[in-house]
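The values are calculated or read from the model by the stated rules, or taken from the named source; none is laboratory data. In this text the structure is predicted, and so the values were computed from the model without any measurement. Glycine gets a Cβ as well: all are built from the backbone with ideal geometry, and neighbour counts include every protein chain shown.
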């Protein structure tokens, strides 16, 4: 079952989510609307809101709050993208100019703040303290992950455990929250809430590891960003950690220097080291292990089209090429 199957399961819900997003993007400040509309309409897989919809459906939720919360999750994610691109000085995302490249850093940061605050306004409207706690905690941890990643820039001694901590904070936490929300809305048993959170966490971890692999194996046109961006930012990702561990002393030295100096000009040599050392295969094994843990977490869910889509989503996370 493909990503097309996953999206088809929640197609009608996503139409409602898209309308909510459009309605809540409106602002009397023209620049706010322009920047927010640009980033929201720039494509992307919308996996996080899809995850909220699927988890609610898998557990039999019958109301409408899952659509509102799916939009909230997308707003939080979009705000992090706006801030990320400023911090990383990125110029390309999803095959288009980043908002900061078009509108400037100040506008991107401030519109990101608008999206965060709008998300919290929408949370209040749901009127469920458990929902607010999950999303508030997730937003705080994501911010900590961003700072943690910033502290690790240029650190070639970063190990796999430290890398995983960053991506579980920075990326997987919102996946975890998105999956937990459906269980909260459905008033599921505590064990099911935990299972859904575990599924989201492992899914998000697998997704980010594959993203990091694609920076050294993907096609720039397909993944929608410049290959070598992570290296140019001095990020020590899992493929580089494995290249230094599995490669020859000369290959390890090349990778270590490239991370420390954060220069894209080293990318061809680093790419060769990563591809020749078996680092990509090792990283993909780690991603597949996370996807398998995600599948194990939801093994006891009722068998319905939504739970089938959750399983398909875990497989898609590690089989994609963009």
(Q) For the list (1) farther than 22 Å from residue 162 by Cα; (2) at pLDDT 95 or above; (3) surrounded by 19 or more Cβ atoms within 10 Å (Cβ to Cβ), I need the number of the one condition that residue 238 fails. (A) (1)
Q.
Here is a check on your reading of the model: is residue 273 over 27 Å from residue 89 (Cα atoms), part of a helix (DSSP H, G or I), in contact (Cβ under 8 Å) with a residue 24 or more places away in the chain and under 27 Å from the mean Cα position of the chain (by Cα)?
A. no
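Every residue, every condition in (1) outside any helix (DSSP H, G or I); (2) in contact (Cβ under 8 Å) with a residue 60 or more places away in the chain; (3) surrounded by fewer than 20 Cβ atoms within 10 Å (Cβ to Cβ), yes or no:
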| position | (1), (2), (3) |
| --- | --- |
| 137 | no, no, yes |
| 140 | no, no, yes |
| 144 | no, no, yes |
| 161 | no, no, yes |
| 169 | no, no, no |
| 172 | no, no, no |
| 183 | no, yes, no |
| 188 | yes, yes, no |
Q: Could you list all residues from segment 88-124 that are touching a helix residue (DSSP H, G or I) at 6+ places or on another chain (Cβ under 6 Å), closer than 18 Å to residue 229 by Cβ, part of a helix (DSSP H, G or I) and touching a residue at least 24 places away in the same chain (Cβ under 8 Å)?
A: 99, 108
Q. Which residues, taken from segment 21-46, are without any contact (Cβ under 8 Å) to a residue 24 or more places away in the chain, in a helix (DSSP H, G or I), under 19 Å from residue 104 (Cα atoms) and more than 21 Å from the chain's Cα centre (by Cα)?
A. 30, 33
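What residue, of 156, 178, is within 12 Å of the chain's Cα centre (by Cα) and touching a residue at least 12 places away in the same chain (Cβ under 8 Å)?
Details: 156 fails: within 12 Å of the chain's Cα centre (by Cα).
Testing whether each residue is within 12 Å of the chain's Cα centre (by Cα) and touching a residue at least 12 places away in the same chain (Cβ under 8 Å) leaves just 178.
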Q: Quick one: which residue in 85, 18 is part of a helix (DSSP H, G or I), over 30 Å from residue 234 (Cα atoms) and free of Cβ contacts under 8 Å to residues at least 60 places away in the same chain?
A: 18
Q) Mind checking whether some residue in segment 47-68 is more than 25 Å from residue 194 (Cα to Cα) and either at pLDDT 95 or above or touching a helix residue (DSSP H, G or I) at 6+ places or on another chain (Cβ under 7 Å) (or both)? A) no
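Taking the condition of being under 15 Å from the mean Cα position of the chain (by Cα) and surrounded by fewer than 20 Cβ atoms within 10 Å (Cβ to Cβ), how many residues in segment 305-322 meet it? Before the answer, list the steps.
Applying the first criterion (under 15 Å from the mean Cα position of the chain (by Cα)) to segment 305-322 yields 313-314, 316-318, 320, 322.
Filter once more, keeping what is surrounded by fewer than 20 Cβ atoms within 10 Å (Cβ to Cβ): 320, 322.
So the answer is 2.
Look at residue 198 and say whether it is over 30 Å from residue 59 (Cβ atoms), under 19 Å from the mean Cα position of the chain (by Cα), in contact (Cβ under 8 Å) with a residue 24 or more places away in the chain and assigned to a helix (DSSP H, G or I). Steps first, please.
On the way: over 30 Å from residue 59 (Cβ atoms): no; under 19 Å from the mean Cα position of the chain (by Cα): yes; in contact (Cβ under 8 Å) with a residue 24 or more places away in the chain: yes; assigned to a helix (DSSP H, G or I): yes.
When the stated conditions are applied, residue 198 does not pass them.
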Q | Selection from segment 273-283 of residues that are out of contact with any helix residue (DSSP H, G or I) (no Cβ under 6 Å at 6 or more places or on another chain) and surrounded by 15 or more Cβ atoms within 10 Å (Cβ to Cβ) | A | 275
Q) Are any residues in segment 222-235 more than 21 Å from residue 260 (Cα to Cα) and either at pLDDT 90 or above or in a helix (DSSP H, G or I) (or both), and if so, which ones? A) 222, 223
Q: From (1) at pLDDT below 95; (2) surrounded by 16 or more Cβ atoms within 10 Å (Cβ to Cβ), pick out the condition that doesn't hold for residue 219.
A: (2)
Q) Do we have any residue at all in segment 246-269 that's part of a helix (DSSP H, G or I), under 19 Å from the mean Cα position of the chain (by Cα) and surrounded by 20 or more Cβ atoms within 10 Å (Cβ to Cβ)? A) no
Q: Could you check residue 302 against (1) in contact (Cβ under 8 Å) with a residue 60 or more places away in the chain; (2) farther than 26 Å from residue 203 by Cβ; (3) surrounded by fewer than 17 Cβ atoms within 10 Å (Cβ to Cβ) and say which number it fails?
A: (2)
Q) For segment 1-15, how many residues meet the condition of being surrounded by 14 or more Cβ atoms within 10 Å (Cβ to Cβ), at pLDDT below 95 and not in a helix (DSSP H, G or I)? A) 1
